[in-house]
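One structure below.
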Amino acid sequence: MSDTPFNPEQPGSLVEALTGERAEATDKELAEATVREGADQFVETAGDPMISFSHVNISFNGRPVLEDVSFQVWHGQTLCILGRSGVGKSVSLRLLMGFLKADSGSIRFEGQELTSLNEEGMNAVRKRITMVFQNGALFDSMSVRENVAFALRERGGLAEDQVVQIVERLIGMVGAEDVEDALPASLSTGRKRAVAIARALAAQPDVVLYDEPTTMVDPIIARRLGNLIQRLKKQLGFTSIVVTHDMRFAERLADTVLFLHEGRAAYFGPLSGFMASTDPNIKRFLTLDAYLIPSL
């Protein structure tokens, strides 16, 4: 997917998903589909995992941040990384992107060891894995529309009317229609995050990493973002890792859950097992989350 031009005729392509009839799935349909799939969650796909962390360790100034952390993500799955602040959730994403280097352990993407790659090698990986940062990391001099269109135009292979249609659909999906001509400096934090997600998806990566996508985002936008992530997974087979503290968001998206506690993987497995866990740290996390974050 990384170096192949978009093919408007290819089933399941971004063009079909964002300009065709299949993009009109309602919130109710998406929710019902999620419930139907719940019983099949955590069925491992045949073959090797797409992403694998094995006994990963990293410390900052002598303080362990991740200790002996292992997990896997298969193609098309959504992994939600949960835990309290400061337990290494976002560090895991930065290790996968090569922004940080592990002290020890193995990190693999489609069987390729990432810990030994130089910057050139990691740049090739980053064409297939994209990250949505909390601050959005948008181009300040470009409008919302131009930011979302940037990756489509840079890659090529689409007529301008197709670019316009996809950009309009993505902007609409994240609820930014009223600011499509605005510059990032004029947007709220939540709006910047929404536009950043639209831009990341327009690049048609194989894997999308989301760092706290619902932090400082109102419930309406949070629901739209959850629907968007779920829709792109169903229609295009996107693989996603979502760092979040929001259990309502995680329950909507997760195939598997990694719960980090004091730098260690206290739980890795299906969402149902996490919710039913008797581990006191998990129960405390779920109780606190239910108290602080009312249901929508």
Given the condition at pLDDT below 90, closer than 21 Å to Gly76 by Cα and in a loop (DSSP other than H, G, I, E, B), answer yes or no: does some residue in the stretch 235-243 qualify?
yes
Would you confirm whether any residue within the stretch 245-260 is of a type in the set (S, T, N, Q), modelled with pLDDT of 85 or more and within 27 Å of Ser70 (Cβ to Cβ)?
yes
Verdict on Asn147 being of a type outside the set (A, V, I, L, M), surrounded by fewer than 14 Cβ atoms within 10 Å (Cβ to Cβ) and part of a helix (DSSP H, G or I):
no
Going by the conditions given, is Gly76 part of a loop (DSSP other than H, G, I, E, B), within 29 Å of Thr215 (Cβ to Cβ) and without any contact (Cβ under 8 Å) to a residue 40 or more places away in the chain?
no
Looking only at residues that are of a type outside the set (Phe, Trp, Tyr) and under 12 Å from Asp211 (Cα atoms) in the stretch 98-134, which one is surrounded by the most Cβ atoms within 10 Å (Cβ to Cβ)?
Val132
Check Ala176, Ala149, Ala137, Ala182 and return the single one that is closer than 23 Å to Ile229 by Cβ and modelled with pLDDT of 90 or more.
Ala149
Just give me the residues in the stretch 121-144 being within 13 Å of Ala200 (Cβ to Cβ) and either of a type in the set (Lys, Arg) or outside any loop (DSSP other than H, G, I, E, B) (or both), in sequence order.
Arg126, Lys127, Arg128, Ile129, Thr130, Met131, Val132
Considering only the stretch 199-221, I want to know if a residue exists there that is free of Cβ contacts under 8 Å to residues at least 12 places away in the same chain, in a helix (DSSP H, G or I) and surrounded by fewer than 17 Cβ atoms within 10 Å (Cβ to Cβ).
no
Taking the stretch 32-77 and keeping residues among the hydroxyl-bearing types (Ser, Thr, Tyr) and at pLDDT 95 or above leaves Ser52, Ser54, Ser59, Ser70
Which members of the stretch 204-217 meet the condition of being touching a helix residue (DSSP H, G or I) at 6+ places or on another chain (Cβ under 6 Å) and modelled with pLDDT under 90?
Gln204, Pro213, Thr214, Met216, Val217
Identify the residue in the stretch 150-164 that is assigned to a helix (DSSP H, G or I) and over 23 Å from the mean Cα position of the chain (by Cα) and, among all such residues, is surrounded by the most Cβ atoms within 10 Å (Cβ to Cβ).
Gln162
Given the structure, is Val195 more than 21 Å from Trp74 (Cβ to Cβ), assigned to a helix (DSSP H, G or I) and modelled with pLDDT of 90 or more?
no
Within the stretch 245-256, track down each residue that is farther than 23 Å from Met216 by Cβ and either in a strand (DSSP E or B) or out of contact with any strand residue (DSSP E or B) (no Cβ under 8 Å at 6 or more places or on another chain) (or both).
Thr256
Look at Phe259 and say whether it is buried (at least 22 other Cβ atoms within 10 Å of the Cβ), in contact (Cβ under 8 Å) with a residue 12 or more places away in the chain, closer than 11 Å to Ile81 by Cα and among the aromatic types (Phe, Trp, Tyr).
yes
Inside the stretch 79-97, can you point out the residues that are surrounded by fewer than 19 Cβ atoms within 10 Å (Cβ to Cβ) and either part of a loop (DSSP other than H, G, I, E, B) or touching a helix residue (DSSP H, G or I) at 6+ places or on another chain (Cβ under 7 Å) (or both)?
Arg84, Ser85, Gly86, Met97
When you scan the stretch 183-198, how many residues do you find that are out of contact with any Asp or Glu (no Cβ under 8 Å at 6 or more places or on another chain) and either free of Cβ contacts under 8 Å to residues at least 40 places away in the same chain or under 24 Å from Arg155 (Cα atoms) (or both)?
10
Mind checking which residues of the stretch 165-192 are assigned to a helix (DSSP H, G or I), of a type in the set (A, V, I, L, M) and closer than 13 Å to Phe139 by Cα?
Ala185
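The values are calculated or read from the model by the stated rules, or taken from the named source; none is laboratory data. Computed from a predicted model, the values in this text were never measured in an experiment. Don't worry about glycine lacking a Cβ; one is built from the backbone with ideal geometry, like all the others, and counts go over all protein chains shown.
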